[in-house]
Amino acid sequence: MESKKIDIKEFPILEFDESRVAIIEATNFIEPKEEFEYCIITFFRDAIEKMKTEGKLKEVACLHCETVDLPIYETYFQGKKVHITLGYLGAAGSAGFLEELIAYGFQKFIVCGGAGVLKKDIAVGHLIVPISAVRDEGVSYHYIKPSREIECDPEVLKIIEDDFNIHNIRYIKAKTWTTDSFYRETKEKVELRKAEGCVTVEMEAAAFMAVSKFREVKLGIILYGGDDLSGVEWDSRSWNSRTEIRINLVQISLRICSSL
């Protein structure tokens with residue numbers, strides 16, 4: 001089959017190739033497994049460790065790369081089998097590992113993690129459900145045609161909102177800013193993102209949305225308010241020490257994922 005010529009752009013990141021087949025596919029080296037359908041991707045190692053010490057997790061597979069191994073664990077929520085794994089920091093690694101999870105057979109995902117807040121009145125631990133992400137990273141441009149933003153799956157978004165409303169969980173529904181470089185979140189960039197409606201900043205959402213859309217799987221994201229980038233100086237607010245919040249968010253994610 002004759003390959004389609006790609007138009008050369010001024011910036012290589014804009015040279016989108018709509019071909020569905022790549023030279024390397026995760027399915028080339030990963031065999032799908034039975035009963036791999038529901039998966040939580042969390043960035044909360046402390047929550048994983050607590051579940052392990054309580055005997056609630058069984059390792060059934062592992063994602064490998066040159067620098068880190070991330071086990072995939074089996075657990076149950078109200079009798080339904082759900083799997084959980086730690087996320088890979090950054091958009092590129094997240095996209096690659098999501099591809100491999102999909103190759104294993106997973107079709108329904110909830111991602112839970114923390115995010116920097118761009119509004120000071122968002123308290124530490126307050127839940128944010130991204131409706132879209134500003135694509136200030138690189139990997140999403142290899143999956144979806146260039147655009148300023150990418151939207152979350154509306155069906156999954158509704159399921160998350162319905163669950164929160166049923167359980168009287170307060171949350172913010174808003175736009176997030178996905179960036180590749182947390183050391184280049186300048187004051188000017190922050191103000192620009194705030195002006196276009198972003199309330200959080202993180203490093204993975206746009207990639208998760210793009211890969212899940214390309215591969216046609218269900219995926220939703222739940223964040224909690226972490227460090228504060230809204231002021232003149234950065235305030236860590238000890239965001240990554242809020243273990244109880246993180247453990248609770250994993251449990252919420254298990255409940256929602258099992259209902260997708």
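The values are calculated or read from the model by the stated rules, or taken from the named source; none is laboratory data. In this text, all values refer to a predicted model and were calculated from it rather than measured experimentally. All Cβ positions, even for glycine, are placed from backbone atoms using ideal geometry, and neighbour counts span all protein chains on display. Heavy atoms of the whole protein, side chains included, go into the accessibility calculation; ligands, DNA and RNA do not. Shrake-Rupley method; radii C 1.70, N 1.55, O 1.52, S 1.80 Å.
One table, with the values for the structure above:
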| quantity | calculated |
| --- | --- |
| Local electrostatic count, Leu192, Cβ distance below 15 Å [Lys/Arg +1, Asp/Glu -1] | +3 |
| Using a Förster distance of 51 Å, the FRET efficiency for Asp180-Gln78 (Cβ separation, nearest 0.05) | 0.85 |
| Residue-wise HN-Hα coupling along segment 119-132, computed from phi with Karplus coefficients 6.51, -1.76, 1.60 (Hz; x: Gly, Pro) | 10, 4, 7, 7, 5, 4, x, 5, 7, 10, 10, x, 8, 7 |
| Extension gain (nm, one decimal) between Phe16 and Asn28, 0.36 nm per residue minus Cα-Cα | 2.0 nm |
| Contour excess over end-to-end distance, with Cα ends at Lys173 and Lys58 and 0.36 nm allotted per residue | 38.0 nm |
| Alpha-carbon centroid distance for the pair segment 41-68 / segment 101-118, whole angstrom | 14 Å |
| Convex hull (Cα only) mean projected area of segment 21-66, reported in nm² to one decimal | 5.1 nm² |
| Order by protection proxy (mean Cβ within 10 Å, highest first), peptides 104-111, 24-31, 152-159, 205-212 | 205-212, 104-111, 152-159, 24-31 |
| Computed over the chain, Kirkwood Rh from alpha-carbon pairs, angstrom | 18.9 Å |
| Carbon and sulfur %, accessible surface of the chain computed with the full protein complex present, 1.4 Å | 52 percent |
